[in-house]
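The values are calculated or read from the model by the stated rules, or taken from the named source; none is laboratory data. Predicted, not measured: the structure shown is a model, and the values here were computed from it. Reconstructed Cβ throughout: ideal geometry from the backbone, glycine too, with neighbour counts over all protein chains shown. Surface areas here come from the heavy atoms of the whole protein model, side chains and all, with no ligands, DNA or RNA. Shrake-Rupley method; radii C 1.70, N 1.55, O 1.52, S 1.80 Å.
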Amino acid sequence: PPGNSQNIVLFYNTRGGLTANYDLRVALYHAIDRAAIVKNVFLDTATIPDSIVPNDFPWGIASTSKFSEQFKYDPKLAGELLDKAGYPMKGNERFSIRLNLDNAFPLLIRSAEVVKANLEAVGIKVDMQVQETSLAEATIYQKHDFDLAMDMLGVIVDPMQGMPRIYVCNPNNT
């Protein structure tokens, strides 16, 4: 059986702001080169997941979940989708966005740098906010004061031991 598995996850703040726009989120997915993260950050020792559930747990992944096909890296398409969603280039930039993450994980920071470069290549200025763990957790999970956030989520043997925090609703944010 698989052991400890980690996913680097990009979260969108869907409660408001730019990233509440579904069409914008789809465009951003197409702007991100996940293969470059695998190659340049993880030195080809990782895989690109097809869902939020790590690839180590194929029994937990819906057969219809094919993120690698649904959201292929295509910066040209990303630009077209951004234009269509109402975010055209204005000079060298479309808009600015914040990307929050925890400073405890060097591979997460390096992955976020790739995401930042990818988004900036399609005209999105990224303010990368690398924060100490307790501040990052409060900002992202309690205050929801972010546009994009990245985190490393792990599971041990069973996805139910690490994944529910993504889906379980908690109105008190505790």
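Observations on the model:
- Note on segment 119-137: residues that are open to solvent by 20 Å² or more (accessible area, probe 1.4 Å) and either among the polar types (S, T, N, Q) or assigned to a helix (DSSP H, G or I) (or both) amount to 8.
- Annotation note: Cβ proximity below 7 Å between a residue of segment 7-30 that is of a type in the set (Phe, Trp, Tyr) and a residue that is open to solvent by 40 Å² or more (accessible area, probe 1.4 Å) (sequence gap 6+ or interchain) occurs for Tyr12/Arg25.
- Met163 closer than 24 Å to Val26 by Cα, modelled with pLDDT under 95, touching a helix residue (DSSP H, G or I) at 6+ places or on another chain (Cβ under 7 Å) and open to solvent by less than 80 Å² (accessible area, probe 1.4 Å): no
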